[in-house]
Structures are given as structure tokens and as C-alpha cells.
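**Student:** Below you'll find the structure I mean.
Throughout, read-outs are computed from the coordinates displayed, never taken from laboratory work. Because the structure is a prediction, the values reported are computed rather than measured. Using ideal geometry, Cβ is built from the backbone for each residue, glycine included, and neighbour counts are taken over all protein chains shown.
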Amino acid sequence: MSEGSVELSVAVSTAPHTRALKEGAVVPWGLRLNFVEVVPMVAAYRRMIRDLEFDVCGLAPVTYLAAREAGVPITALPVFLTRRFHHGDIVCRPGSGISKPKDLEGRRIGVRAYTVSTGMWLRGILESEYDVDLDSITWVVDDEEHVASFALPANVEKTAPGDSIADQFADGRIDAGLTGPAGIGRKGAAREGWSLPGAGFEDARVASDQFYPLFPDADSIEADWYRRTNVYPIHALLAVKSSVVAAHPDVAASLFDAFVQAKDVFLTELATGAVNTRQGREYGASQSIVGPDPLPYGIEENRASIEALCDFAVSQHILEKRPTVGELFVNV
């Protein structure tokens, strides 16, 4: 692979740790990257999974697992573009009587789609940490799964056309819901903006007259959970068409190195106090929990998180067969 010889279409979010690559300050060896802007990035997932529209695409990890099992010809690099904790991502309806995780059993909970990664991580936490029987809960969804062939488990209910989980939460037909784009903080399919004006979920970790958090002390619980498990939830990884990797074996290593270099620019900005974006400040705050690199790449650095991802996906009937870590990622 000679310098600039392979041209690739790439859909990844614009973030503090990708900016240097997208703006050309970091140039990957042997590659010409044509970036395609998709806002919100979740809208790109379906285009990648169903139509292989991009050569390289940021992808939700659960979507990747489900697509891989369905035979979609993509593979992943251990570049984890988005990370965050999830205890604070579930809220309850006032009057629901829910005061602890076990109270969710037998209830109706809203999530945009069953394979939404936030939902999978949160369900995994409820089951592994609080012994919640996930199969006893009715998970109410109002959007499509990215993998069209995915068969919903028996305890998943799809809303009627024109209905939404936001409306069901507001009028008491569901007892709890995930917040933001993963749940009741939006309506309809992926679109730019995607938050409901005045919905009140800007800070879902603080109670309001519309909802209260299941975990009011989520920040401290998340820090303790990470210290005990070393699991730092993955929210996006880098997927590449298998045909590209097969035709150009050096592409994977070149991409990995370029994303590492771009992230290093961001880490320097963090260290010098030069970060001036909300997302950058949030990753800076997470350093107090996860250490100096809030976006670790590579397999060994993330093995506990990847293993938990696979375990949760099988337990929640998203995967029939548990893959090994080595099967999921290109060796770079």
C-alpha cells in the first residue's frame, strides 16, 4: 500500500478526539479519507448495516454484534470512539412506586429499540449488580432495530404507529424509561437535534416534577462499579467493510494508528487545559474515575469491557452464540 493509494469513505462523529484526523492535521499512511457527515451518527448505523454505504463507520457496539451474527460483512478495529457510564440513564415516573432496581420487575420500561447500546448496558447492570429478572420486564420500543432481521424477544412490545414511549411515559402507560436519544428524550426516527424541546431531560440525574432517577447517586455508584469491575461501557467502535480489510491488509493498522494520533492531540489539550467543548470537558471529568486516558483503544486495555459486552448480549437474547474477543476485532 503506497502513500495515498487507498481511498475510503468514512462516517465518524466530529469529536475532540477525531477532530485532528477529520481536519487533516493527522494524515494516515497510505490512505485518502473522504469524511461523510451524518448527524446524528445513529442515522449512519442503519445505512452501514443495511447498505454497506461507507467503507469505514463508527458503529454502536451492540449493533455491530447483532450485524456480525446476522452475517453482515464488516469487522471492527479496537478503536472505541465513545465511552460513558449508564447508571444515570434511567428515570422513573412519579407515582410509579419504584424505589429500588428490583421494583422494576413486572413493569413496563421504554427504550428506543431493544438493541440500543445504552439499553443493553443498563439491563446488564440491573441483572449483574442487582439481580433484576430482565425477562419479567416488558421493554416497550418505538423505533426499528438497525439489523432488520433481528427477532425481538417475547417480552419486547412495539408501540402502535403514531404512539411513542415519550407519550406513554407522560401519560402513565410505562413506569420507567431510558433518557435522551436512547429513550423518552426523543420521538421518531433519527434526525438532527432529536431532543424534545422542554422535555426536561437535560439533567436526568436530578429529579423534577416529570421524573426521578432510579439511581440518585449515580456518579458515585458508577465510580465504585468501575473500580470493582474495570468495565467502562463502550458506546461506539470503528467498523470496516470486510472486503476492504481483505483487499488491503495494511488498512487496519494505518487507521488504528491515525485514530490514536488524533486522540493524542486531544489528550495533550486535556493536559494543558485547552479543551473548550462540552464533550471534551466530560471526558476530562471522567479521568477522575478511569485515569489519564478517558478513551482507551486496543483490546487488552478494554478486555473486561468487551467481555462484559458479549456476556450481556447473550444473556439478553441479542446473540445466540457468544463470540470470542479475537473473533470480533482485526489484530492491529
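**Student:** Using a Debye calculation, one point per C-alpha and no hydration shell, please list log10 I(q)/I(0) for the stretch 87-228 at q = 0.15, 0.16, 0.21 Å⁻¹ in order.
**Tutor:** At q = 0.15, 0.16, 0.21 Å⁻¹ the computed log10 ratios are -0.70, -0.81, -1.41.
**Student:** Need the list of lysines near K102 for cross-linking: C-alpha distance under 30 angstrom, and skip anything on the same chain fewer than eight residues off.
**Tutor:** K158, K187, K321
**Student:** Quick one: Karplus J couplings for the stretch 116-131, per residue in order, coefficients 6.51, -1.76, 1.60, θ = phi - 60°, nearest Hz, x for Gly and Pro?
**Tutor:** Residue by residue, the stretch 116-131 yields 4, 4, 4, x, 5, 4, 5, 4, x, 5, 4, 6, 6, 9, 10, 6 Hz.
**Student:** Quick one: angle between helix 218-229 and the longest Cα principal axis of the chain, in degrees between 0 and 90, rounded to 10, please.
**Tutor:** The answer is roughly 60 degrees.
**Student:** Per DSSP H run of n ≥ 4, the term is -39500 (n - 2.57); total these for the chain, divide by its residue number, and report the mean residue ellipticity at 222 nm rounded to 500 deg cm²/dmol.
**Tutor:** Value at 222 nm, helices only: -10000 deg cm²/dmol.
**Student:** What do you get for the angle between helix 42-51 and the principal long axis of the chain? Use alpha-carbon atoms, 0 to 90 degrees, nearest ten.
**Tutor:** Approximately 70 degrees, to the nearest ten.
**Student:** How far, in nm, would the chain grow between S5 and R32 when pulled straight, counting 0.36 nm per residue and subtracting the alpha carbon separation?
**Tutor:** In short, 9.0 nm is gained.
**Student:** Mind jotting down the distance between the C-alpha centroids of the stretch 9-62 and the stretch 123-151, whole Å?
**Tutor:** 28
**Student:** Starting from the Cα of D224, step 7 Å along the direction of its Cβ; do the same at T272; then give the gap between the two resulting points in nm.
**Tutor:** 4.0
**Student:** Take the Cα gyration tensor of the chain, multiply each eigenvalue by 5, square-root it, and list the three semi-axes largest first, rounded to whole angstrom.
**Tutor:** Each semi-axis is the square root of five times an eigenvalue, giving 33, 22, 19 Å.
**Student:** Spelling out what I want: for every residue of the stretch 285-302, take phi, set θ = phi - 60°, compute 6.51 cos²θ - 1.76 cosθ + 1.60 (Karplus), and round to whole Hz; glycine and proline get x.
**Tutor:** Rounded to whole hertz, the list is 5, 6, 4, 5, 9, 9, x, x, 10, x, 9, x, 9, x, 7, 5, 5, 10.
**Student:** So, in nm, how far is label A285 from label A70 when the simple model puts each one 7 Å beyond its Cα toward the Cβ?
**Tutor:** Output for this residue pair reads 3.5 nm.
**Student:** Over the chain, what is the relative contact order in whole percent, taking alpha-carbon pairs under 8 Å and six or more residues apart?
**Tutor:** 27
**Student:** Here's something else I'd like to know. Cross-link partners among aspartates and glutamates for K22, C-alpha distance below 16 Å, same-chain residues fewer than 8 apart left out?
**Tutor:** E7, E37, D55, D257, D264
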